[in-house]
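Since the structure comes first, as structure tokens, the remarks are kept for the end.
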Amino acid sequence: QVQLVESGGGLVQAGGSLRLSCAASGRYFSTYAMGWFRQAPGKEREFVAATSRSGTMTHYADSVKGRFTISRDNAKKTVYLQMNILNPEDTAVYYCAAGSSYGLNRQVDYDYWGQGTQVTVSS
């Protein structure tokens with residue numbers, strides 16, 4: 001089992017950047033694929049990015065491709081989401097999640113979730 005805690009959210013102007021962190025506790029962090037999801041007000045939670053156990057493979061939602069970068073540090077048991085060129089449509093609560101398989105974009109494919117961190121982008 002793994003516990004996840006997100007941090008790094010906040011208020012930023014359009015065009016700015018933020019880096020989110022997700023710290024994991026528990027054993028076997030490196031055995032999990034990790035993902036980031038987000039949920040905007042009144043909308044369904046959606047996939048943002050994912051990385052494989054080693055971090056060598058990543059994939060992104062089309063809406064963030066080229067602007068966001070997911071990475072992980074298994075020694076620190078932490079996964080990151082670097083977000084650049086933010087726009088108001090990126091405003092959401094961002095969640096990290098751990099799953100057993102890489103390459104999956106559905107919420108049901110992830111077993112453990114953090115509580116989320118709010119990101120607000122002003123225009």
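The values are calculated or read from the model by the stated rules, or taken from the named source; none is laboratory data. Just so you know, these numbers come straight off a predicted model, no measurement behind them. Cβ coordinates were reconstructed from backbone atoms using ideal geometry, including for glycine residues, and neighbour counts include every protein chain displayed. Each accessible area value is taken on the protein alone, full model and side chains, heavy atoms only, with ligands, DNA and RNA left out. Shrake-Rupley method; radii C 1.70, N 1.55, O 1.52, S 1.80 Å.
I need a count of the residues in region 72-87 that are open to solvent by less than 50 Å² (accessible area, probe 1.4 Å) and either within 11 Å of the chain's Cα centre (by Cα) or not charged (D, E, K, R) (or both).
Number satisfying all stated conditions: 8.
Looking only at residues in region 110-123 that are in contact with a helix residue (DSSP H, G or I) (Cβ under 9 Å, 6 or more places away or on another chain) and open to solvent by less than 60 Å² (accessible area, probe 1.4 Å), which one is nearest to Thr51 (Cα to Cα)?
Val119
Take the residues of region 16-47 that are more than 15 Å from Tyr112 (Cβ to Cβ) and open to solvent by less than 50 Å² (accessible area, probe 1.4 Å): which is farthest from the chain's Cα centre (by Cα)?
Gly16
Could you please find all residues in region 96-118 being at positive phi and either aromatic (Phe, Trp, Tyr) or under 13 Å from the mean Cα position of the chain (by Cα) (or both)?
Gly116
Sort out which residues of region 88-109 are among the polar types (S, T, N, Q), open to solvent by 50 Å² or more (accessible area, probe 1.4 Å) and closer than 18 Å to Glu44 by Cβ, and write them in order of number.
Asn105, Gln107
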